[in-house]
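A.B. asks: What follows is a single structure, and I will ask about it in a moment.
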Amino acid sequence: TRLIHDQCMPRPRYRGTADCVRTAVRSEGLAGIYRGVAAVMARQGANSCVRFAAYDTLKQLVVSRSAADAQNIPFAYSFGLGMAAGVITVYATMPFDVVKTRMQSLSAKQEYRNSLHCGWRVASGEGVAALWKGATPRLSRLMFSGAIVFAVYEEAMKALR
């Protein structure tokens, strides 16, 4: 994220990934590389929990209300349920994503003390809705990745049975 933000600047500081890492370690120590790691872990953990829980809950709901067999769910069902799980994941975890992205920005060290402070500053300074900025691009990405992951998983499980 640091390198991406830098490349958007009128005068980029970094010449590539290696230069970015080297400069961060020199100027901020090893901690400079790991700034925002707590936010990344929180976002990834929340993503996984919500995505799998949403898919499983929706799948159980569909199976209980149709003739579908949980062990042999049709491809279209798992694809659609994966998309729906992606939508739920985006809106449930977007604040974590916003905090993660802000914590990895070039100015994060000067602006925020930690991830909680970052979230508070975004919500209080820009409004609570700012915690969902960027949801649309993320929505398109997670809808299709959820659809593909769960559809392929269900098909692989059918083949292995």
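The values are calculated or read from the model by the stated rules, or taken from the named source; none is laboratory data. All values reported here derive from a predicted model rather than from experimental measurement. Positions of Cβ are backbone-derived with ideal geometry, glycine not excepted, and every protein chain shown enters the neighbour counts. We work out accessible area using only protein heavy atoms, side chains counted, and drop any ligands, DNA or RNA first. Shrake-Rupley method; radii C 1.70, N 1.55, O 1.52, S 1.80 Å.
A.B. asks: Straight distance only, please: which lysines reach the Cα of K158 with their own Cα at less than 18 Å, same-chain residues fewer than 8 apart left out?
C.D. replies: By straight Cα distance, K158 reaches K59.
A.B. asks: Please arrange Y153, Y14 by accessible surface area, largest first, computed with a 1.4 Å probe and ligands excluded.
C.D. replies: Highest to lowest solvent-accessible surface, that is Y153, Y14.
A.B. asks: With a 1.4 Å probe and all protein chains kept in place, how do K158, K109, K59 rank by accessible area, largest first?
C.D. replies: Ranked from most to least accessible, the order is K109, K158, K59.
A.B. asks: If you put +1 on each Lys and Arg Cβ and -1 on each Asp and Glu Cβ, how big is the dipole of the range 18-161 around its Cα centre, in Debye rounded to 20?
C.D. replies: 320 debye
A.B. asks: Once both labels are modelled 7 Å past Cα along the beta-carbon direction, what's the S48-Y34 spacing in nm?
C.D. replies: Reported label-point gap for S48 and Y34 is 1.9 nm.
A.B. asks: Once phi is turned into θ = phi - 60°, what whole-Hz ³J(HN,Hα) does the Karplus curve with 6.51, -1.76 and 1.60 give for every residue of the range 89-105, x standing for Gly and Pro?
C.D. replies: 4, 4, 6, 7, 10, 4, x, 4, 5, 4, 4, 4, 5, 5, 5, 9, 6
A.B. asks: How much length would be gained if the chain were fully extended between V87 and A129, taking 0.36 nm per residue of separation minus their Cα-Cα distance, in nm to one decimal?
C.D. replies: Additional length available on full extension: 13.4 nm.
A.B. asks: Another one. Once both labels are modelled 7 Å past Cα along the beta-carbon direction, what's the S145-V63 spacing in nm?
C.D. replies: In this crude spin-label approximation the distance works out to 2.6 nm.
A.B. asks: With Cβ to Cβ distances under 11 Å as the rule, what net charge do the other residues near F79 carry (K, R +1; D, E -1)?
C.D. replies: Result for the neighbourhood of F79: -2.
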